[in-house]
Amino acid sequence: MPVYISLVKFTEHGITTLKQQGIARSESVQRNIESLGGRLLDAYYCLGEYDVVAVLEFPNNRAAMKAAVLNSSLGHIKITTMPAVSRAEWRELLREVWSSKPKRK
C-alpha cells in the first residue's frame, strides 16, 4: 500500500484540552484512519514546528485526503499529508529515469 507522511500541529483548542481529551482523540484519529482502509505505521511526537509526524499507509490518495479532512474536522489538529516512497523505491525510480535516454530529433 502507498505510504504517506502527515505533519501535524496541535491547534490552540487541541493544546488546552490535551489533558482531558488527548488519549481519546488519538484513538479517534487512529479509528478514522482504519475506517478508510488505512493503517498508522508509527507516530513520533516532536519538538519544533510540528507536534507529530505520522507514517501511514492508505490504499490511495483519496483515502489519505479523506482521513486528513476527517481528522482535521475534530478541531484539535491541523494536518499536512504527503505521499512518500521508500529509499529502495527512490533508487529504482532514479535507475528508471537515468536508464531511459530521451530520443533526439
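With (1) free of Cβ contacts under 8 Å to residues at least 24 places away in the same chain; (2) assigned to a strand (DSSP E or B) as the list, and Val97 as the residue in question, which single condition is left unmet?
Failing condition for Val97: (2).
As an exercise: evaluate Thr81 against (1) surrounded by 10 or more Cβ atoms within 10 Å (Cβ to Cβ); (2) free of Cβ contacts under 8 Å to residues at least 60 places away in the same chain; (3) under 14 Å from the mean Cα position of the chain (by Cα) and give the number of the one condition it does not meet.
All conditions pass for Thr81, except number (2).
Which one of these does Asn32 not meet: (1) in contact with a helix residue (DSSP H, G or I) (Cβ under 6 Å, 6 or more places away or on another chain); (2) in a loop (DSSP other than H, G, I, E, B)?
(2) is the only condition that Asn32 fails.
If I ask for residues that are of a type in the set (Val, Ile, Thr), at pLDDT below 95 and surrounded by 14 or more Cβ atoms within 10 Å (Cβ to Cβ), which ones from the range 1-28 would you list?
Within the range 1-28, Thr11, Thr17 meet the criteria.
Could you look through the range 1-29, keep only residues that are in contact with a Lys or Arg (Cβ under 9 Å, 6 or more places away or on another chain) and assigned to a helix (DSSP H, G or I), and pick out the one that is farthest from Lys66 (Cα to Cα)?
In this case the residue turns out to be Leu18.
Considering each residue of the range 34-71, count those that are hydroxyl-bearing (Ser, Thr, Tyr) and buried (at least 16 other Cβ atoms within 10 Å of the Cβ), and give that number.
Count: 1.
Just need a number here: residues in the range 43-93 that are closer than 26 Å to Gly22 by Cβ and in a helix (DSSP H, G or I).
10
List every residue pair whose Cβ atoms lie under 9 Å apart, where the two residues are 6 or more positions apart in sequence or sit on different chains, the first residue falls within the range 13-42 and is free of Cβ contacts under 8 Å to residues at least 24 places away in the same chain, and the second residue, located anywhere, is among the acidic types (Asp, Glu) and assigned to a helix (DSSP H, G or I).
From the range 13-42, the pairs are Leu40/Glu34.
The values are calculated or read from the model by the stated rules, or taken from the named source; none is laboratory data. All of these numbers come straight from a predicted model, not from anything done at the bench. As a convention, Cβ positions derive from the backbone with ideal geometry for all residues, glycine included, and neighbour counts pool all protein chains shown.
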